[in-house]
1. Out of the residues in region 37-53 that are buried (at least 16 other Cβ atoms within 10 Å of the Cβ), within 23 Å of the chain's Cα centre (by Cα) and of a type outside the set (Val, Ile, Thr), state the one that is farthest from Lys104 (Cα to Cα).
2. Taking the condition within 14 Å of the chain's Cα centre (by Cα), buried (at least 21 other Cβ atoms within 10 Å of the Cβ), within 18 Å of Ile41 (Cβ to Cβ) and of a type in the set (Asp, Glu), does Glu63 pass?
3. Could you please give the count of residues in region 206-236 that are free of Cβ contacts under 8 Å to residues at least 12 places away in the same chain and under 15 Å from Asp187 (Cβ atoms)?
4. Go through region 134-163 residue by residue and tally those that are more than 16 Å from Tyr191 (Cα to Cα), touching a helix residue (DSSP H, G or I) at 6+ places or on another chain (Cβ under 9 Å) and among the charged types (D, E, K, R).
5. Tally up the residues in region 87-133 that are part of a helix (DSSP H, G or I), out of contact with any Asp or Glu (no Cβ under 7 Å at 6 or more places or on another chain) and under 19 Å from Glu184 (Cβ atoms), please.
6. Can you tell me which of Lys54, Lys66, Lys72, Lys45 is at pLDDT 95 or above and not aliphatic (A, V, I, L, M)?
7. Among the numbered conditions (1) more than 25 Å from Val125 (Cβ to Cβ); (2) within 26 Å of the chain's Cα centre (by Cα), tell me where Asn216 comes up short.
Amino acid sequence: MLDFLKKIFQKDKMPHMRGERFIKNGEFNEEEYNEYNNKKIEEFKNRYDLATIKGIESIPVEEAQKYPDGGKSVVYMPEQILSRQATEYKKSGQYDLAIACLKKVNELYPLSFYRYTRADFERVVDMMVLAGRFNEAKQEHKKLNNLYGTRLEELQDLQNFAVKMGEESKEEYQERVINPYLEEARDREIYYWLLENMPNIAPKSFGGFRRMKRINSANYQKIVSEISKQGYDINNIKFWYK
């Protein structure tokens, strides 16, 4: 855990944001960088069928171990290619393929040169919710919590590390990071509950829901009222499995 925490706090010093091989005489060669990345991405896509669930599932986890130096660039790492492909599938409404990509991404993460946060693993859960696969999302969320701990536990570990390293006080970290996270996590649970149980009144996006809640708009008050009519208190509704 200590090594992971150090990498999180020193992420701005890691070489993966801009491949070192593309810096010459202090200048970054973006053209060479893009050409190299595109070549590697095409090689990966030619090697595996990303147009079918079966093809995506067939990608061996050993792919994540082929780049022990981080590949000089985060863009063409297998998990990054698949993550970007999932975004494209999401845009076109192909949620089954997007979910397949992200499931494979989660298999690759633990073996990658890079260290990913609990929030990164959660992306497949969010995609399942958008696809209307609510029970599967709840099960996956619980499974990830069992495997890697919760996001709150991760943040609390980071909080303790920040205090130990003299980065900031426990109270400062609580106010800056943990409290906003708790508020967002609670809002997300309410929003996901709406999508599952009252989709006709759920806003089109989580961001939209948070904005109307923040300003306590008339539309938000309507949501609260409609939930109440169904016998629920918006402050007590639950989405996740325990």
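The values are calculated or read from the model by the stated rules, or taken from the named source; none is laboratory data. Since we're looking at a predicted model, the values are computed, not measured. Using ideal geometry, Cβ is built from the backbone for each residue, glycine included, and neighbour counts are taken over all protein chains shown.
1. The selected residue is Asn37.
2. Working: within 14 Å of the chain's Cα centre (by Cα): no; buried (at least 21 other Cβ atoms within 10 Å of the Cβ): yes; within 18 Å of Ile41 (Cβ to Cβ): yes; of a type in the set (Asp, Glu): yes.
No, not satisfied.
3. Of the residues in region 206-236, the ones free of Cβ contacts under 8 Å to residues at least 12 places away in the same chain are 207-208, 211-212, 214-218, 220-221, 224-225, 228-229, 231-233, 235-236.
Filter again for under 15 Å from Asp187 (Cβ atoms), leaving 207-208, 211-212, 214-217, 220, 224, 235-236.
The total comes to 12.
4. Going through region 134-163 one residue at a time, the tally reaches 6.
5. 8
6. Numbers: Lys66 fails: at pLDDT 95 or above; Lys72 fails: at pLDDT 95 or above; Lys45 fails: at pLDDT 95 or above.
Step by step, each of Lys54, Lys66, Lys72, Lys45 is checked, and only Lys54 is at pLDDT 95 or above and not aliphatic (A, V, I, L, M).
7. Checking Asn216 against (1) more than 25 Å from Val125 (Cβ to Cβ); (2) within 26 Å of the chain's Cα centre (by Cα), the one that fails is (2).
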